[in-house]
1. Determine the alpha carbon to alpha carbon distance for each of Lys22/Lys90; Lys14/Lys100; Lys22/Lys100; Lys19/Lys100 and list only those over 31 Å.
2. Give me the Kirkwood hydrodynamic radius of the stretch 66-106 in Å, from all C-alpha pairs, to one decimal place?
3. Need one number: convex hull volume per residue for the stretch 32-107, Cα atoms only, in Å³.
4. Quick one: 3J(HN,Hα) in Hz for the stretch 78-95, Karplus 6.51/-1.76/1.60 with θ = phi - 60°, rounded, Gly and Pro as x.
5. Can you tell me the FRET efficiency between Tyr55 and Arg33 if r is taken as the Cβ-Cβ distance and R0 is 22 Å, rounded to the nearest 0.05?
Amino acid sequence: GKHRIVIPCLGRFKEEYEKVSKLYMNNKIRTTRYTLLNFLPRNLFEQFHRVANLYFLFLVVLNWVPLVEAFQKEITMLPLIGVLTIIAVKDGLEDYSRYKMDKQINNLVTKVYSG
């Protein structure tokens, strides 16, 4: 049969628990999409999968060509930058609320059955 080792993390077994627990994955819940390091690149990657954002990017790039230039270059970039900023702030706030909920769930006190 299969055996498993259960080590309480209290009292005299604390050192043994810390040594053994490093070998296994934790059971923490993580529903967030982003970290501080990957927020900007991953968010931009997700936003440019939307056709509207690609259209605005196309207009910005097209406006840098001197023969096709219809407006000033900066004015053409404003709608795209505005939309990207608003969506990034919204996504960041949503992800932060997920982070807080995960932290709350992961720190709940649980009951352990001891037969």
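What follows is calculated from the coordinates using simple rules that are stated; it is not laboratory data. In this text, all values refer to a predicted model and were calculated from it rather than measured experimentally. FYI the Cβ positions are ideal-geometry reconstructions off the backbone, even for glycines, and counts take in every protein chain you see.
1. Details: Lys22/Lys90 36 Å; Lys14/Lys100 28 Å; Lys22/Lys100 25 Å; Lys19/Lys100 29 Å.
Listed pairs above 31 Å: Lys22/Lys90.
2. Numbers: mean 1/r = 0.0781 Å⁻¹.
Kirkwood hydrodynamic radius for the stretch 66-106: 12.8 Å.
3. On the way: hull volume 6.5 nm³, N = 76.
Each residue corresponds to 86 Å³ of Cα convex hull volume.
4. Along the stretch 78-95, the couplings run 4, x, 5, 5, x, 5, 4, 5, 4, 5, 5, 5, 4, 5, x, 5, 4, 5 Hz.
5. In this case the efficiency is close to 0.35.
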